[in-house]
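Chemist: One structure is given below, represented as structure tokens, and several questions about it will come after.
The values are calculated or read from the model by the stated rules, or taken from the named source; none is laboratory data. Small disclaimer: the values here were computed from a predicted structure and weren't measured. With ideal geometry, Cβ positions are generated from the backbone for all residues, glycine too; neighbour counts draw on all protein chains shown. Heads up: the accessible areas ignore ligands, DNA and RNA and are worked out on the full protein's heavy atoms, side chains in. Shrake-Rupley method; radii C 1.70, N 1.55, O 1.52, S 1.80 Å.
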Amino acid sequence: MQRPEPELPGHADPIRDNRSGAAILDIARAFVGARLAAAPLAAFPGTLPADLSTAYAVQNAALGLWQDRIVGWKVGLIPPPAQAALGAARLAGPIFSRGLIESAAGPVNLAAIQGGFAAIEAELLVAARADAPAKKTQWTVAEAAEFAGEWHLGMEFAASPLATINELGAAAVVCDFGNNSGIVLGPRLDSALIANPDQLIYETKIDGRPVGFASAAALPGGPLEALRFVLGHLAERGRSLCAGQWVSTGAITGVHQIFPGQHGSIELIGHGRIDVRVNAAVAGGAERYR
């Protein structure tokens, strides 16, 4: 399968904030350093951003420190009670080349930082069919659909060195790469299935125990709404979605916490399955997926 050659992570996004550049860089260095050292963070490293603009400034700084190519973007839903205050319903974080793993016959090995946070999420993945216009910030769902290429079953490995990242909210999640540590690429799906999300039934299990069951209709607005969001979001950041890049469109059965030593699986009933084994991470983030 062709892999994209997206922009380098050091690309600067034109987002302005009212916090000093040094404070933003300190937060980014703390998250990146903890990921590379496979060491947990006892608390958020600094003052939690009060708005998403500052949080994305932290993410931008972290992109400049993380030596890997961006091959896509994960989209996550901001909890409804926080959406009005933050002025957004969704958030985004990068998918890196070394974190994009194709599923295999046996379990895929993932690595979680002991004392941090880790979860598995059942997802739909879509590849961009073409390069999006760089400066187009407003999209309709119909326009976004024109950029949808292959659809796949997928699993997001939502993991961070900060155990309380989800409890702290969307700003904390954005700061640490969207709380993303990997995407498992499952079987390709017939694109006609996407038009009937209520017929795409997912079951998530941990150590063989069911922990989530839902259809793709559980995604507010559907998977194309997530694609519409990320197209406009990236343009606002001075980026664009490139041909062949992946978009992980959001958790369908929920966010299911998992710990080193446990096995997880997601099944799209009648269409495929992904199995993973979670190990304890070791220092050297580039080698965490084996």
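Chemist: Which residues, counting only those in the range 187-216, are modelled with pLDDT of 95 or more, of a type in the set (A, V, I, L, M, F, W, C) and not in a loop (DSSP other than H, G, I, E, B)?
Modeler: Hits for the range 187-216 are L189, I201, I206, V211, F213, A214, A216.
Chemist: How many residues does the range 51-71 contain that are of a type in the set (S, T, Y) and in contact (Cβ under 8 Å) with a residue 40 or more places away in the chain? Before the answer, list the steps.
Modeler: In the first step, residues of the range 51-71 are kept if they are of a type in the set (S, T, Y); the result is 53-54, 56.
Of the ones still in play, those that are also in contact (Cβ under 8 Å) with a residue 40 or more places away in the chain are 54, 56.
Looking only at that region, the number is 2.
Chemist: Say we look at the range 68-86 and pick out the residues that are in contact with a Lys or Arg (Cβ under 9 Å, 6 or more places away or on another chain) and among the charged types (D, E, K, R); which of these is nearest to P220 (Cα to Cα)?
Modeler: Checking each candidate, the answer is R69.
Chemist: Among (1) in a helix (DSSP H, G or I); (2) open to solvent by 40 Å² or more (accessible area, probe 1.4 Å); (3) hydrophobic (A, V, I, L, M, F, W, C), where does A171 come up short?
Modeler: Status for A171: all satisfied but (2).
Chemist: Can you tell me which residue is nearest to G76 (Cα to Cα) among those in the range 175-185 that are part of a helix (DSSP H, G or I) and within 10 Å of the chain's Cα centre (by Cα)?
Modeler: This residue is G178.
Chemist: Same structure again: Of the numbered conditions (1) free of Cβ contacts under 8 Å to residues at least 60 places away in the same chain; (2) of a type in the set (S, T, Y); (3) touching a Ser or Thr at 6+ places or on another chain (Cβ under 8 Å), S215 satisfies every one except a single condition; which is it?
Modeler: (3)
Chemist: Could you tell me whether A42 is aliphatic (A, V, I, L, M), out of contact with any Asp or Glu (no Cβ under 6 Å at 6 or more places or on another chain), within 28 Å of A283 (Cβ to Cβ) and open to solvent by less than 40 Å² (accessible area, probe 1.4 Å)? First the steps, then the outcome.
Modeler: On the way: aliphatic (A, V, I, L, M): yes; out of contact with any Asp or Glu (no Cβ under 6 Å at 6 or more places or on another chain): yes; within 28 Å of A283 (Cβ to Cβ): yes; open to solvent by less than 40 Å² (accessible area, probe 1.4 Å): no.
Spelling it out, it is not the case that A42 is aliphatic (A, V, I, L, M), out of contact with any Asp or Glu (no Cβ under 6 Å at 6 or more places or on another chain), within 28 Å of A283 (Cβ to Cβ) and open to solvent by less than 40 Å² (accessible area, probe 1.4 Å).
Chemist: Check whether at least one residue in the range 175-194 is surrounded by fewer than 18 Cβ atoms within 10 Å (Cβ to Cβ), of a type in the set (A, V, I, L, M, F, W, C) and over 17 Å from A122 (Cβ atoms), and report yes or no.
Modeler: There is at least one residue in the range 175-194 that is surrounded by fewer than 18 Cβ atoms within 10 Å (Cβ to Cβ), of a type in the set (A, V, I, L, M, F, W, C) and over 17 Å from A122 (Cβ atoms).
Chemist: A further question follows. Could you check the range 77-114 and list, in sequence order, the residues that are open to solvent by 50 Å² or more (accessible area, probe 1.4 Å), under 26 Å from P260 (Cβ atoms) and not basic (K, R)?
Modeler: Scanning the range 77-114 gives E102, A104, A105, P107, Q114.
Chemist: All but one of (1) out of contact with any strand residue (DSSP E or B) (no Cβ under 7 Å at 6 or more places or on another chain); (2) crowded, with 18+ Cβ neighbours inside 10 Å; (3) of a type in the set (D, E) hold for E236, so report the exception by its number.
Modeler: It is condition (2) that E236 fails.
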